[in-house]
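The structure appears below as structure tokens.
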Amino acid sequence: MPIASLSRFTVPLVTDQSNSSQGLLMPKLAYRFRVTLFNFGVGGEPSTELTKQVMSVDRPKPKFEEIKLSVYNSTVKLAGKPSFDDIKLTVRDDVTNAVTFKVGQQMQKQFDFFEQASAASGLDYKFRTIIELLDGGNGAYQANVLESFEVQGCWLKNVTYAGGDYSKATDAMSIDLTICYDNAIQLNGEGAVRGVGQPVGRTLGALSVGT
């Protein structure tokens, strides 16, 4: 008979809310992820060259403006317009120049540095980014997506090319991309919208009370 001691490796739970003997849930691991860029640079197809050279990436960071209502002896705080902080994507700079040229093409779409001409509209240069968290599968065992974020309306806000350094004999050159974007939607492993973007209904309530 097995001794189920591992079921104790977690925080004790209230029995009427959850299984009190439930063990610790497996966490998502930071190194199991994949990033795909669509309509990035010239060509329009998914930019798999960047996918293979990704070193690190941020997940979307939603935030809300704060609205303060001053009333008599107190202050009421409400959620204002939402926005997202920039995402930092770091990629390796390969010897074929595939990555650095792709990044350069994307910047050229945003602004022609040779002719000093701007893009006519955001539609001409904005791209889409998919950040997927994986379960570790590979080869004969297909990698399953645990969760993903679809980041929409992306453009490069800042590009930093790592410089040379004689003292860093084991470091690969990299390119840091700061991605500005309009919106991000969260999806589960089957591609259904869950969490951020999921319809949860809209509570109207009484407009004059209930703040």
- Item | Sparse-neighbourhood loop sites, trypsin sites (Lys or Arg not before Pro) in segment 110-204 - DSSP loop, at most 16 other Cβ within 10 angstrom | K168, R194, R202
- What is the chain by shape, rounded, prolate or oblate, if you read a ≥ b ≥ c off the alpha carbon gyration tensor as root eigenvalues and call it rounded for a/c under 1.5, prolate for a/b larger than b/c, and oblate otherwise? oblate
- Item | Calculated from backbone phi, Karplus (6.51, -1.76, 1.60) coupling profile of segment 73-87 in Hz, x at Gly/Pro | 8, 9, 10, 9, 10, 10, 7, x, 5, x, 7, 10, 6, 5, 9
- Low-density loop positions, GluC sites (Glu not before Pro), segment 24-127 - DSSP coil, at most 10 other Cβ in 10 Å: E115
- According to the square roots a ≥ b ≥ c of the eigenvalues of the Cα gyration tensor, what is the shape class of segment 115-184, taking rounded for a/c under 1.5, prolate for a/b larger than b/c otherwise, and oblate for the remainder? oblate
- Item | Test item: Cα-centred dipole of the chain, Lys/Arg +1 and Asp/Glu -1 on Cβ, debye | 600 debye
- Note on the structure: Dipole check, segment 27-188, charges on Cβ (K,R +1; D,E -1), about Cα centroid: among P27, S47, S148 the Cα furthest to the positive pole belongs to P27
- Treat every Asp and Glu Cβ in segment 127-173 as -1 and every Lys and Arg Cβ as +1, leave all other atoms uncharged, and give the resulting dipole magnitude about the Cα centre to the nearest 20 debye. 220 debye
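The numbers here are math on the coordinates, done by the rules we state, and not lab data. Predicted model only: the values in this text are computed from it and were never measured. Using ideal geometry, Cβ is built from the backbone for each residue, glycine included, and neighbour counts are taken over all protein chains shown.
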